[in-house]
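*Asks:* The structure's right below; bear with me while I get my questions together.
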Amino acid sequence: MNITFIGTGYVGLVSGVMMSYFGHNVTCLDTNHTKISQLKSGRLPIYEPGLENYLNSKIKFIDQYQDIPTATDAVFITVGTPSLPSGEADLSYIFGAIDNLIECLKTDSNILTVIKSTVPPGTCKKIEDYLAKKGSRLKVAANPEFLREGKAIEDFLHPDRIVIGIDNPQDLRVLENIYQPLTKKNIPLVVTDSVTAEMIKYASNSFLAAKVAFINEMADLCEVVNADIEKLAYGIGLDHRIGKDFLKAGPGFGGSCFPKDILALSTLTKKYKIDSLVLDSVIQANKIRTDNMVDKISRAVGGNLKGKNITILGLAFKAGTDDVRSSPAIKIIELLQAQKAHITTYDPIAKTDLAEVKIAASANEACDNADALVVVTEWPEFKNLDFEKIYKMMKNKIIIDLRNMLDSHTLTAMGFKYYGVGIPSC
Ligand code: UGA
């Protein structure tokens with residue numbers, strides 16, 4: 001099949017590369033010329049572990065709409081849908097892409113336009129109406145993505161399901177052919193109308209965000225009753241109705257998806273005058289999570305952060321990505337700075353341009369003269385640091401592990417005061 005992707009962000013680029021790996025002829029379009037020239041020279045503008053191994057000659061990169069091959073079977077739209085100040089999803093990039101398609105494809109073109117970006121329920125229908133008004137014969141389908149940053153290749157090759165929202169059953173064949181390499185491996189194909197498909201994506205992300213907010217609240221409770229959140233998560237996760245995933249307590253959920261999508265869904269409920277008690281509580285719980293983490297750090301250093309040297313390990317919103325959008329680490333740094341703490345940070349991949357933050361070249365260097373070491377992102381390399389050396393370098397031997405990833409017993413035996421999240425030693 002001949003497929004075009006519009007937008008080479010995380011979703012578009014990973015999906016494009018992997019579709020070409022499946023043998024489809026793929027063209028990826030992005031109006032950002034720098035990105036496209038980087039891609040043409042074989043360099044990836046994003047960090048996604050292993051993606052470079054899947055680049056092959058069946059994928060082409062272009063920066064002009066008029067260069068979209070006329071023989072295209074489907075155009076996937078994978079542009080951003082950031083939050084507007086109102087909380088609603090900003091659909092201007094989607095409609096911008098649609099306008100460009102209308103302009104550059106012949107008016108009699110009936111190519112299938114597949115909306116892969118996360119969009120509010122009803123968006124595909126809106127696009128259909130818009131196309132009809134413009135006299136275009138382009139057809140529309142919803143095909144939300146479920147790729148996690150950092151694990152996108154695994155998720156692409158072994159998805160739990162493929163969701164297709166289509167209002168005209170005849171349009172299904174194109175997508176069935178495109179996804180045949182996966183469906184022949186018995187990956188379930190959920191075919192529904194476009195509004196339901198759009199809702200499935202929002203509901204999935206919101207439900208997962210609720211699981212994280214729930215386990216974080218249980219962690220707070222574990223700390224005061226002296227219970228162990230890790231064992232609690234294991235104990236409840238074995239119940240298949242609950243499931244073991246997304247029960248890792250931590251500094252709160254971040255990234256470019258959960259915070260934006262749950263906010264958009266909650267905003268939608270307001271528009272339709274529906275109660276959204278669950279969604280709003282999850283948003284609020286996650287909002288105060290970083291404040292609580294900063295209180296925890298403050299308590300650990302004696303109740304006053306002013307003038308304290310705090311080392312923050314990790315900037316990315318989770319391990320395996322360079323993405324710092326809505327990262328708990330960034331929020332925690334800002335809150336610590338507001339209380340006049342001095343921040344030194346290290347992340348193996350992610351970067352920040354936050355003012356007055358010292359960026360260290362290594363985790364060890366970041367710990368020099370620190371009053372406390374705070375692990376915010378769960379990069380595996382932080383497990384294997386030379387803590388004997390770090391012990392000697394730190395002014396005060398305090399570790400606050402917001403991901404429960406370090407060996408608390410060993411660190412305590414070395415003489416560190418160790419604080420985890422929701423575990424009895426706190
Ligand atoms: C999420 C979804 O998992 C994907 O299925 C979806 O396609 C994607 O959003 C999207 O909408 O594009 P992603 O944002 O990459 O993927 O990150 P997740 O791995 O889901 O983690 C989200 C946040 O929850 C992170 O801040 C992570 O640290 C946090 N989290 C996750 C926890 O604190 N505990 C957990 O047990 C799991």
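The values are calculated or read from the model by the stated rules, or taken from the named source; none is laboratory data. Note that the structure is a prediction, hence the values are computed from the model and not measured. Don't worry about glycine lacking a Cβ; one is built from the backbone with ideal geometry, like all the others, and counts go over all protein chains shown. To get the accessible areas, we keep the full protein, side chains included, count just its heavy atoms, and leave off ligands, DNA and RNA. Shrake-Rupley method; radii C 1.70, N 1.55, O 1.52, S 1.80 Å.
*Asks:* Give K306, K231, K296, K244 a once-over and let me know the one that is more than 16 Å from the ligand (Cβ to nearest atom) and more than 18 Å from the chain's Cα centre (by Cα).
*Replies:* Just one listed residue meets the conditions, K306.
*Asks:* Let me ask you something else. Taking into account only those residues within segment 248-270 that are of a type in the set (A, V, I, L, M) and more than 18 Å from M293 (Cβ to Cβ), which is nearest to the chain's Cα centre (by Cα)?
*Replies:* So the residue we want is I262.
*Asks:* Quick one: how many residues across segment 233-256 are in a loop (DSSP other than H, G, I, E, B) and open to solvent by less than 50 Å² (accessible area, probe 1.4 Å)?
*Replies:* Going residue by residue through segment 233-256, those that are in a loop (DSSP other than H, G, I, E, B) are 238-256.
Now narrow it down to the ones that are open to solvent by less than 50 Å² (accessible area, probe 1.4 Å): 239, 243, 247, 249-256.
So the count comes out to 11.
*Asks:* Look through E149, E230, E154 and report the one residue that is crowded, with 20+ Cβ neighbours inside 10 Å and among the charged types (D, E, K, R).
*Replies:* Details: E230 fails: crowded, with 20+ Cβ neighbours inside 10 Å; E154 fails: crowded, with 20+ Cβ neighbours inside 10 Å.
Residue meeting the stated conditions: E149.
*Asks:* Output the residue which, of all residues in segment 214-227 that are closer than 14 Å to P424 by Cα and either of a type outside the set (A, V, I, L, M) or open to solvent by less than 40 Å² (accessible area, probe 1.4 Å) (or both), is nearest to the ligand (Cβ to nearest atom). Full working, then the answer.
*Replies:* To start, the set of residues in segment 214-227 that are closer than 14 Å to P424 by Cα comprises 218-227.
Within this subset, residues satisfying the condition of being either of a type outside the set (A, V, I, L, M) or open to solvent by less than 40 Å² (accessible area, probe 1.4 Å) (or both) are 219-220, 222-223, 226-227.
Numbers: A219: 10, D220: 14, C222: 15, E223: 16, N226: 22, A227: 18 Å.
So the residue we want is A219.
*Asks:* Which residues, taken from segment 19-51, are small (G, A, S) and within 16 Å of the ligand (Cβ to nearest atom)?
*Replies:* G50
*Asks:* Then there is this: Need a quick list: strands (runs of 3 or more DSSP E) entirely within segment 323-413 having at least 2 residues that are among the aliphatic types (A, V, I, L, M). Give the derivation first.
*Replies:* On the way: elements: 342-346, 357-359, 372-375, 398-401.
In segment 323-413, the matching strands (runs of 3 or more DSSP E) lie at 357-359, 372-375, 398-401.
*Asks:* Next up: Do the conditions hold for P121, that is, is it crowded, with 17+ Cβ neighbours inside 10 Å, assigned by TED's automatic domain parsing to the domain that holds L175, under 18 Å from F146 (Cα atoms) and touching a residue at least 24 places away in the same chain (Cβ under 8 Å)? It would help to see each step written out before you state the result.
*Replies:* Numbers: crowded, with 17+ Cβ neighbours inside 10 Å: yes; assigned by TED's automatic domain parsing to the domain that holds L175: yes; under 18 Å from F146 (Cα atoms): yes; touching a residue at least 24 places away in the same chain (Cβ under 8 Å): yes.
The answer is yes for P121.
*Asks:* Then there is this: Every residue in segment 228-253 that is of a type in the set (A, V, I, L, M, F, W, C) and farther than 14 Å from Y419 by Cα, please.
*Replies:* L232, A233, I236, L238, I242, F246, L247, F253
*Asks:* Residues I36, I77, I59, I68: which one is hydrophobic (A, V, I, L, M, F, W, C), over 23 Å from A152 (Cα atoms) and touching a Ser or Thr at 6+ places or on another chain (Cβ under 8 Å)? Full working, then the answer.
*Replies:* Working: I36 fails: over 23 Å from A152 (Cα atoms); I77 fails: over 23 Å from A152 (Cα atoms); I59 fails: over 23 Å from A152 (Cα atoms).
Only one candidate qualifies: I68.
*Asks:* Can you say whether G96 is assigned to a loop (DSSP other than H, G, I, E, B), closer than 30 Å to T269 by Cβ and assigned by TED's automatic domain parsing to the domain that holds Y179, as far as the supplied structure shows? If you could, list the steps in order and put the result at the bottom.
*Replies:* Numbers: assigned to a loop (DSSP other than H, G, I, E, B): no; closer than 30 Å to T269 by Cβ: yes; assigned by TED's automatic domain parsing to the domain that holds Y179: yes.
Considered against the rule, which asks whether it is assigned to a loop (DSSP other than H, G, I, E, B), closer than 30 Å to T269 by Cβ and assigned by TED's automatic domain parsing to the domain that holds Y179, G96 comes out as no.
*Asks:* Further question on the same structure: I'd like the residue in segment 136-146 that is open to solvent by less than 20 Å² (accessible area, probe 1.4 Å) and within 11 Å of the ligand (Cβ to nearest atom) and, out of all such residues, is farthest from V17 (Cα to Cα).
*Replies:* This residue is P144.
*Asks:* While we're on this one: Of all residues in segment 99-110, count the ones that are part of a loop (DSSP other than H, G, I, E, B) and of a type in the set (V, I, T). Quick ask: steps written out before the conclusion?
*Replies:* Narrowing segment 99-110 to residues part of a loop (DSSP other than H, G, I, E, B): 105-110.
Still in the running and of a type in the set (V, I, T): 107.
Number of matching residues: 1.
*Asks:* Going through segment 86-103 one residue at a time, which ones are open to solvent by less than 10 Å² (accessible area, probe 1.4 Å) and under 19 Å from V114 (Cβ atoms)? Let's see the steps before the verdict.
*Replies:* First pass over segment 86-103, keeping only residues open to solvent by less than 10 Å² (accessible area, probe 1.4 Å): 87, 94, 97-98, 101.
Answer for segment 86-103, where residues must be open to solvent by less than 10 Å² (accessible area, probe 1.4 Å) and under 19 Å from V114 (Cβ atoms): I94, A97, I98, L101.
*Asks:* For L305, only one of the following conditions fails: (1) open to solvent by 10 Å² or more (accessible area, probe 1.4 Å); (2) of a type outside the set (D, E); (3) assigned to a loop (DSSP other than H, G, I, E, B). What is its number?
*Replies:* That leaves (1) as the condition not met.
*Asks:* Any chance segment 269-279 includes a residue that's within 16 Å of the ligand (Cβ to nearest atom) and either modelled with pLDDT under 95 or part of a helix (DSSP H, G or I) (or both)?
*Replies:* So in segment 269-279, the residues within 16 Å of the ligand (Cβ to nearest atom) come out as 279.
Filter again for either modelled with pLDDT under 95 or part of a helix (DSSP H, G or I) (or both), leaving 279.
For segment 269-279, residues within 16 Å of the ligand (Cβ to nearest atom) and either modelled with pLDDT under 95 or part of a helix (DSSP H, G or I) (or both): present.
*Asks:* If you don't mind, there's one more thing I want to ask. May I ask you to verify whether G16 is within 16 Å of the ligand (Cβ to nearest atom) and under 22 Å from I127 (Cα atoms)?
*Replies:* Details: within 16 Å of the ligand (Cβ to nearest atom): yes; under 22 Å from I127 (Cα atoms): no.
When the stated conditions are applied, G16 does not pass them.
*Asks:* Here is a follow-up. Quick one: in segment 327-350, which of the residues that are in contact (Cβ under 8 Å) with a residue 40 or more places away in the chain and within 20 Å of P45 (Cβ to Cβ) is surrounded by the fewest Cβ atoms within 10 Å (Cβ to Cβ)?
*Replies:* I349
*Asks:* Restricting attention to segment 25-48, does a residue exist that is assigned by TED's automatic domain parsing to the domain that holds Q180, open to solvent by less than 10 Å² (accessible area, probe 1.4 Å) and modelled with pLDDT under 95?
*Replies:* yes
*Asks:* Something else about it: Enumerate the pairs (first residue in segment 364-392 and away from the ligand (no atom under 16 Å from the Cβ); second residue anywhere and open to solvent by 70 Å² or more (accessible area, probe 1.4 Å)) with beta-carbon separation below 6 Å, excluding pairs fewer than 6 apart on the same chain, so at least 6 apart or on different chains.
*Replies:* These pairs meet every condition: N369/K395; D371/K395.
*Asks:* Let me ask something else. Can you pull out the residues in segment 308-319 that are open to solvent by 10 Å² or more (accessible area, probe 1.4 Å) and more than 19 Å from A209 (Cα to Cα)? Write out each step before concluding.
*Replies:* From segment 308-319, those open to solvent by 10 Å² or more (accessible area, probe 1.4 Å) are 308-309, 317-319; that's our starting set.
K308, N309, listed by residue number.
*Asks:* When segment 1-23 is examined, which residues are found to be open to solvent by less than 10 Å² (accessible area, probe 1.4 Å) and of a type in the set (F, W, Y)?
*Replies:* Answer for segment 1-23, where residues must be open to solvent by less than 10 Å² (accessible area, probe 1.4 Å) and of a type in the set (F, W, Y): just F5.
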